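Novice: Supplied in C-alpha cells, the structure appears directly below.
The values are calculated or read from the model by the stated rules, or taken from the named source; none is laboratory data. Fair warning: this is a prediction, and the values are worked out from it, not measured in the lab. Cβ coordinates were reconstructed from backbone atoms using ideal geometry, including for glycine residues, and neighbour counts include every protein chain displayed. All accessible areas refer to the heavy atoms of the entire protein, side chains included, with ligands and DNA or RNA removed. Shrake-Rupley method; radii C 1.70, N 1.55, O 1.52, S 1.80 Å.
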Amino acid sequence: MRAPVRILTGITTSGTPHLGNYAGAIRPAVAASRQPGTESFYFLADYHALIKVQDPARVQRSTLEIAATWLACGLDPDRVGFYRQSDIPEITELTWFLTCVAGKGLLNRAHAYKAAVDANTASSDDADAGVTAGLYMYPVLMAADILAFKAQKVPVGRDQVQHIEMARDFAARFNHTYGEHLVLPEAVIEEQVATLPGLDGRKMSKSYDNTIPLFAGPAELKRLVASIVTDSRAPGEAKDPDASHLFTLYRAFADETQAAAMHAALRGGLAWGEAKQALFELLDGQLAPLRERYEGLMAKPADIEATLQAGAAKARAIATPLLRELRAAVGLRPLTTPVIVHGEGSENVNASGKGATSRLPTFKQYRENDGRFYFKLVHADGRVLVQSEGHASPKDAGALIARLKADGAALVHDAGRVLRLADAVVGRLEESVELAEVLASLAVFAEAD
Ligand code: ADP
Ligand code: TRP
C-alpha cells in the first residue's frame, strides 16, 4: 500500500461563513477529505485571526461558529485531523526557528504587507503606518502551520500561492543549514470551483457586504434571494441565463438536470420572481439539514471543544516528535549530550546529496530496487550505524524510525547483530559498530524531549 498523501489547510476564524465560502471552499474540502489515499488536516487558524481581529469576544465566537460550520457540513473529525492552531504550541516554536532563517527581503515582498505599504504610500503616510509585526510575519506563521505537519499538498485560493512558495523557501533554507528535516509543500489550486456572485453581482465577499450567510434562517434567506440583482425583463420575455447572477448561483447548487431545466425555463420567459422562488427552494432544501445540525452543534460548545482537543492530540502526535528533532538539530540540546565541535569529523550529507552543516545523527530513508522501503541510521561523523529491514511502505519505515527516536534506549541485539525493539526487527548493526554508539546517537533524539 502506498503512503497516503498528506493534505493540510487552514481556515481563518474571522467573519460569518457565506454561500461563496461554502461552494468555493467548504464543500470541495469536505469532498476531498473523503478521497481514499489521502490524510487530511483542517485547522482553525486563530493565531492568524489575531492579525485582523482584536476583539476577544469576536475571536472566540468566530472560532465556535467556524468549527460548528465545518462539522455541520460533514467534516468527519474521526477521519481527518481537525484542530485549533492555538492548541499546538509546536507551531509557535517552529515559527521562531523559521523566523531565524527567513529572509527579511522576502517578507518585504509578501502581498498583504505590500498592499498595506502601497496604501500608506498612496496616502503619503509613513510606509509602515499601522502595520503590525504580526502582519509582516504572517507568511512565517503560515509556513510553520504547514511544515510542523510535513504536509505535502496545501489546497488554497490563488491569493495564497505566494505564501506556499515562501514556506518552501524557508524549509529549504532550514534544511540547507541543519540537514534534511522539513518537507517542501506544494500548493493545490482548485481550478474548477466557481466564484459565486453576491447580491449585487460582484464576487460574494464579506468585504463587499453582499453575502448570503450560509446559515441564514428561511425568512432571511428568502428575503436575501429576493434582493439579488437581475435585469428588467418582464415575465414572459426570454432571458439570458448565462448572463444572470441568479442562474450562476442556481447552477452552483443544482444537479445537471435541474440546471438544464432552469436554463430552458429562463430562455422560455420564466419570471424572475419565479426563478427566485426556485432558487430559494433549492438552497433551503440543501441547507436546512445542515442548518439544523449547525444549530445543534452551536448549542453544545463543550462537545465542539472536546472534538478540537481530540484533534489537537492527533495533530501533536506528529508535531511533537518533529519539534523534538528540530530542537536537537538547531542545537537546543540537553547539556549532557556530547558537544560536537564544528570542524571535527566529516560533514553530514543530507538526503539531497548536498553538503549540510548539520552534525547530528540522521535517519535516511530510501527505496531499493526490490520495491521495498529502507532506512539507515547515520552517525554524526557520516558512518552508517544501522541498516534496516525492508518495509512495505515509507509509512511503515517512518513509524519504526519514530519508535527508535522515542524509545531507542530499549534496543537490543543478538549474536547475529540483528537489532530488535520489543516485537519489531529493526535491522542489522553494521560491521565494527558498537551497540553503544547506536544508543548514543538515538539518545540525541530522545533526550531533546
Ligand atoms: P471573503 O472574500 O468573504 O473574505 P475569504 O477570503 O475569507 O472570503 O475566503 C475563504 C474561502 O472561501 C477561500 O477559500 C475563498 O477562495 C472562498 N471564497 C470566498 N468567496 C468566494 C466566492 N464568492 N465564491 C467562491 N469561493 C469563495
Ligand atoms: N492564510 C490562509 C487564508 O487566509 C489561511 C491559512 C492559515 C492557511 N494557515 C494556513 C492555509 C496554512 C493553508 C495552510 O486563507
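Novice: Scanning region 357-400 for residues that are buried (at least 18 other Cβ atoms within 10 Å of the Cβ) and of a type in the set (A, V, I, L, M), which turns out farthest from residue 3 (Cα to Cα)?
Specialist: Going through the qualifying residues, I end up with 380.
Novice: Mind listing just one residue for me: the one in region 1-22 that is closer than 17 Å to residue 294 by Cα and outside any loop (DSSP other than H, G, I, E, B) and, of those, most open to solvent (accessible area, probe 1.4 Å)? Please lay out each step first, then the result.
Specialist: Pass one, region 1-22, residues closer than 17 Å to residue 294 by Cα: 13, 15-19, 21-22.
Imposing the further condition that a residue be outside any loop (DSSP other than H, G, I, E, B) reduces the set to 18-19, 21-22.
Values: 18: 10, 19: 1, 21: 54, 22: 26 Å².
Out of the qualifying residues, it is 21.
Novice: Can you tell me which condition residue 68 does not meet? The list is (1) of a type in the set (A, V, I, L, M); (2) open to solvent by 10 Å² or more (accessible area, probe 1.4 Å); (3) away from ligand 1 (no atom under 15 Å from the Cβ), and all the others hold.
Specialist: Only one criterion in (1) of a type in the set (A, V, I, L, M); (2) open to solvent by 10 Å² or more (accessible area, probe 1.4 Å); (3) away from ligand 1 (no atom under 15 Å from the Cβ) is unmet by residue 68, namely (2).
Novice: From the residues in region 132-164 that are closer than 14 Å to residue 111 by Cα and within 14 Å of the chain's Cα centre (by Cα), which one is farthest from ligand 1 (Cβ to nearest atom)?
Specialist: Ranking the candidates gives 140 first.
Novice: Another question, if that's okay. Step by step: first the residues of region 208-234, then only those that are surrounded by fewer than 15 Cβ atoms within 10 Å (Cβ to Cβ) and not in a loop (DSSP other than H, G, I, E, B), then the one that is nearest to ligand 2 (Cβ to nearest atom). Which residue is that?
Specialist: Top of the filtered list is 208.
Novice: Related question: May I ask you to say which residue of 319, 302 is closer than 20 Å to residue 407 by Cα and either touching a Pro at 6+ places or on another chain (Cβ under 6 Å) or at pLDDT 95 or above (or both)? Write out each step before concluding.
Specialist: Working: 302 fails: closer than 20 Å to residue 407 by Cα.
Result of the check over 319, 302: 319.
Novice: Go over the candidates 49, 45 one by one and state the one that is more than 10 Å from ligand 1 (Cβ to nearest atom), in contact with a strand residue (DSSP E or B) (Cβ under 8 Å, 6 or more places away or on another chain) and more than 19 Å from residue 149 (Cβ to Cβ).
Specialist: Working: 45 fails: more than 19 Å from residue 149 (Cβ to Cβ).
Testing whether each residue is more than 10 Å from ligand 1 (Cβ to nearest atom), in contact with a strand residue (DSSP E or B) (Cβ under 8 Å, 6 or more places away or on another chain) and more than 19 Å from residue 149 (Cβ to Cβ) leaves just 49.
Novice: Determine whether residue 27 is closer than 18 Å to residue 71 by Cβ and within 16 Å of ligand 1 (Cβ to nearest atom).
Specialist: Numbers: closer than 18 Å to residue 71 by Cβ: yes; within 16 Å of ligand 1 (Cβ to nearest atom): yes.
Against the criterion (closer than 18 Å to residue 71 by Cβ and within 16 Å of ligand 1 (Cβ to nearest atom)), residue 27 qualifies.
Novice: If I filter region 168-207 down to residues being in a helix (DSSP H, G or I) and near ligand 1 (Cβ under 7 Å from one of its atoms), which single residue comes out as most open to solvent (accessible area, probe 1.4 Å)? So that I can check it myself, show each step before the final result.
Specialist: We begin by selecting, within region 168-207, every residue in a helix (DSSP H, G or I); these are 168-178, 206-207.
Subsequent filtering for residues that are near ligand 1 (Cβ under 7 Å from one of its atoms) retains 206-207.
Working: 206: 118, 207: 97 Å².
So, considering only residues that are in a helix (DSSP H, G or I) and near ligand 1 (Cβ under 7 Å from one of its atoms), the one most open to solvent (accessible area, probe 1.4 Å) is 206.
Novice: What do you reckon, is residue 69 among the hydroxyl-bearing types (Ser, Thr, Tyr) and either under 24 Å from residue 250 (Cα atoms) or within 14 Å of ligand 2 (Cβ to nearest atom) (or both)? Before you say what the answer is, go through the steps one by one.
Specialist: On the way: among the hydroxyl-bearing types (Ser, Thr, Tyr): yes; either under 24 Å from residue 250 (Cα atoms) or within 14 Å of ligand 2 (Cβ to nearest atom) (or both): yes.
So residue 69 fits the description; yes.
Novice: Specify the residue that is nearest to ligand 2 (Cβ to nearest atom); the eligible residues are those in region 45-60 that are open to solvent by 60 Å² or more (accessible area, probe 1.4 Å) and more than 17 Å from residue 309 (Cα to Cα).
Specialist: Applying the filter and picking the extreme gives 52.
Novice: Let me ask you something else. Does residue 410 meet the test of being closer than 22 Å to residue 321 by Cβ, out of contact with any helix residue (DSSP H, G or I) (no Cβ under 8 Å at 6 or more places or on another chain), open to solvent by 40 Å² or more (accessible area, probe 1.4 Å) and aliphatic (A, V, I, L, M)?
Specialist: yes
Novice: Confirm whether residue 102 is small (Gly, Ala, Ser), in contact (Cβ under 8 Å) with a residue 60 or more places away in the chain and more than 16 Å from ligand 1 (Cβ to nearest atom). Lay out the reasoning, then the answer.
Specialist: On the way: small (Gly, Ala, Ser): yes; in contact (Cβ under 8 Å) with a residue 60 or more places away in the chain: yes; more than 16 Å from ligand 1 (Cβ to nearest atom): yes.
Against the criterion (small (Gly, Ala, Ser), in contact (Cβ under 8 Å) with a residue 60 or more places away in the chain and more than 16 Å from ligand 1 (Cβ to nearest atom)), residue 102 qualifies.
Novice: For residue 75, are the conditions met, namely being open to solvent by less than 10 Å² (accessible area, probe 1.4 Å), closer than 27 Å to residue 131 by Cβ and either within 15 Å of ligand 2 (Cβ to nearest atom) or of a type outside the set (Asp, Glu) (or both)? Walk me through how you get there before you give the answer.
Specialist: Details: open to solvent by less than 10 Å² (accessible area, probe 1.4 Å): yes; closer than 27 Å to residue 131 by Cβ: no; either within 15 Å of ligand 2 (Cβ to nearest atom) or of a type outside the set (Asp, Glu) (or both): yes.
When the stated conditions are applied, residue 75 does not pass them.
Novice: Tell me yes or no: at least one residue of region 119-128 is open to solvent by less than 40 Å² (accessible area, probe 1.4 Å), small (Gly, Ala, Ser) and either in a strand (DSSP E or B) or away from ligand 1 (no atom under 16 Å from the Cβ) (or both). Show your work before the answer.
Specialist: Of region 119-128, the ones open to solvent by less than 40 Å² (accessible area, probe 1.4 Å) are 120.
Narrowing further to those that are small (Gly, Ala, Ser): none.
The answer is no; no qualifying residue exists.
Novice: So is residue 289 surrounded by fewer than 19 Cβ atoms within 10 Å (Cβ to Cβ) and assigned to a loop (DSSP other than H, G, I, E, B) or not? Before you say what the answer is, go through the steps one by one.
Specialist: Values: surrounded by fewer than 19 Cβ atoms within 10 Å (Cβ to Cβ): yes; assigned to a loop (DSSP other than H, G, I, E, B): no.
It is false that residue 289 is surrounded by fewer than 19 Cβ atoms within 10 Å (Cβ to Cβ) and assigned to a loop (DSSP other than H, G, I, E, B).
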